[in-house]
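Trainee: If you scroll down you'll find the structure; I have some questions about it.
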Amino acid sequence: VEENLTKEEVSTLAYLASGYQLNWKGYDALDRTKQKFEELLSSAWRWLRRNYINLDIPNQGNESDYHRELKAFVIKHLIENEKVDESDILVESDVCGGLKPDIYVISRRLAIDVKTSIGYLPSDEVLEVKKYASCAERIWVVMRPISVLLDLEGVIGRIKCAYKQGINIDVMVPVKDRLVTLEEFINEGRKYMEELSTQKT
């Protein structure tokens, strides 16, 4: 985070990084985001294990808790918000030629890859999912809010580049109880900052 940010800018970043949960007006707001966001993910994983444990499938590699919980959040969003039937969801399955997206929605030809961006540049992870274009009409890259915020220009650049190549990639961000597009995420941040600035005057 750059220095010389206003209190409103710090509060807006914290609001976004927490997944629209933290409404804290102060310079220490960013310190409070991690726990809020982790609670959001762990709650989704508990929900998945309680209701659809057959969809709680680990990948073959060394999967972090963050990654597994993000997958759970996506599945919860698909079932509760998008009304996708559980039988329409494949997890860690070979969908074509050895490609295994984290989640695949059969009827929508939608490949979903969850990216934690731990040890990787978020924009590079967006580039990496283009491989699913051969077996999916749409690709979602699900990323943590803080990852998107820290590499926003690169992520937007990768999306634009993919669209020019005819590849339909959307970066989706987990917030509260749903996934939102990157555009919705940014617009919500602008709206929140405007409200804070209005309250200040």
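Trainee: For region 44-78, how many residues are open to solvent by 40 Å² or more (accessible area, probe 1.4 Å) and among the β-branched types (Val, Ile, Thr)?
Mentor: The number of residues fulfilling the criteria is 2.
Trainee: Does any residue of region 126-136 turn out to be at pLDDT 95 or above and touching a Pro at 6+ places or on another chain (Cβ under 7 Å)?
Mentor: Among the residues of region 126-136, at least one is at pLDDT 95 or above and touching a Pro at 6+ places or on another chain (Cβ under 7 Å), which makes the answer yes.
Trainee: When Leu41 is evaluated against the numbered criteria (1) under 30 Å from Thr6 (Cβ atoms); (2) open to solvent by 40 Å² or more (accessible area, probe 1.4 Å), which criterion, by number, is the only one it fails?
Mentor: Condition (2) is where Leu41 drops out.
A quick yes/no check of all residues on (1) of a type outside the set (Ser, Thr, Tyr); (2) touching a Phe, Trp or Tyr at 6+ places or on another chain (Cβ under 6 Å); (3) more than 17 Å from Glu69 (Cβ to Cβ):
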position: Val114; (1), (2), (3): yes, no, no
position: Tyr132; (1), (2), (3): no, no, yes
position: Glu137; (1), (2), (3): yes, no, yes
position: Ile146; (1), (2), (3): yes, no, no
position: Gly154; (1), (2), (3): yes, no, yes
position: Cys161; (1), (2), (3): yes, no, yes
position: Gly166; (1), (2), (3): yes, no, yes
position: Glu183; (1), (2), (3): yes, no, yes
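Trainee: Which of the residues spanning region 120-176 are among the basic types (Lys, Arg) and on the phi < 0 side of the Ramachandran plot?
Mentor: The initial filter retains those residues of region 120-176 that are among the basic types (Lys, Arg), namely 130-131, 138, 144, 158, 160, 164, 176.
Lys130, Lys131, Arg138, Arg144, Arg158, Lys160, Lys164, listed by residue number.
Trainee: So which helices (runs of 4 or more DSSP H) are wholly in region 145-201 and hold at least 3 residues that are open to solvent by 70 Å² or more (accessible area, probe 1.4 Å) and of a type outside the set (Ser, Thr, Tyr)?
Mentor: Values: elements: 145-150, 152-164, 182-200.
Where helices (runs of 4 or more DSSP H) fall fully within region 145-201 and carry at least 3 residues being open to solvent by 70 Å² or more (accessible area, probe 1.4 Å) and of a type outside the set (Ser, Thr, Tyr), they are 152-164, 182-200.
Trainee: Only one of these is at pLDDT below 95 and open to solvent by 80 Å² or more (accessible area, probe 1.4 Å): Leu121, Leu99. Name it.
Mentor: On the way: Leu99 fails: open to solvent by 80 Å² or more (accessible area, probe 1.4 Å).
Only one candidate passes the filter, namely Leu121.
Trainee: Would you confirm whether any residue within region 95-109 is of a type in the set (Lys, Arg), under 24 Å from Asn187 (Cα atoms) and out of contact with any Leu (no Cβ under 9 Å at 6 or more places or on another chain)? It would help to see each step written out before you state the result.
Mentor: Initial filter on region 95-109 (of a type in the set (Lys, Arg)): 100, 108-109.
Imposing the further condition that a residue be under 24 Å from Asn187 (Cα atoms) reduces the set to none.
Within region 95-109, not a single residue is of a type in the set (Lys, Arg), under 24 Å from Asn187 (Cα atoms) and out of contact with any Leu (no Cβ under 9 Å at 6 or more places or on another chain).
Trainee: Checking Asn81 against (1) in contact (Cβ under 8 Å) with a residue 60 or more places away in the chain; (2) crowded, with 17+ Cβ neighbours inside 10 Å; (3) more than 22 Å from Ala162 (Cβ to Cβ): exactly one of these is not met. Which one?
Mentor: (2)
Trainee: May I pose another question? Give me a count of the residues in region 135-144 that are open to solvent by less than 20 Å² (accessible area, probe 1.4 Å) and over 12 Å from the mean Cα position of the chain (by Cα).
Mentor: Taking region 135-144 as the starting set, the residues that turn out to be open to solvent by less than 20 Å² (accessible area, probe 1.4 Å) are 135-136, 139-143.
Subset that is over 12 Å from the mean Cα position of the chain (by Cα): 135-136, 139.
Final tally of qualifying residues: 3.
Trainee: Follow-up question, since we're still on this one. Inspect all residues belonging to region 14-32 and state whether any of them is of a type in the set (D, E, K, R), at pLDDT below 90 and part of a helix (DSSP H, G or I). Lay out the reasoning, then the answer.
Mentor: From region 14-32, those of a type in the set (D, E, K, R) are 25, 28, 31-32; that's our starting set.
After this cut, where a residue has to be at pLDDT below 90 as well, the list is 25, 28, 31-32.
Subsequent filtering for residues that are part of a helix (DSSP H, G or I) retains 31-32.
The answer is yes; a qualifying residue exists.
The values are calculated or read from the model by the stated rules, or taken from the named source; none is laboratory data. All figures in this text were calculated on a predicted structure; none of them were measured in a lab. Here Cβ is always computed from backbone atoms with ideal geometry, including for glycine, and neighbour counts include all displayed protein chains. The area values use the complete protein model at the heavy-atom level, side chains included, leaving out ligands, DNA and RNA. Shrake-Rupley method; radii C 1.70, N 1.55, O 1.52, S 1.80 Å.
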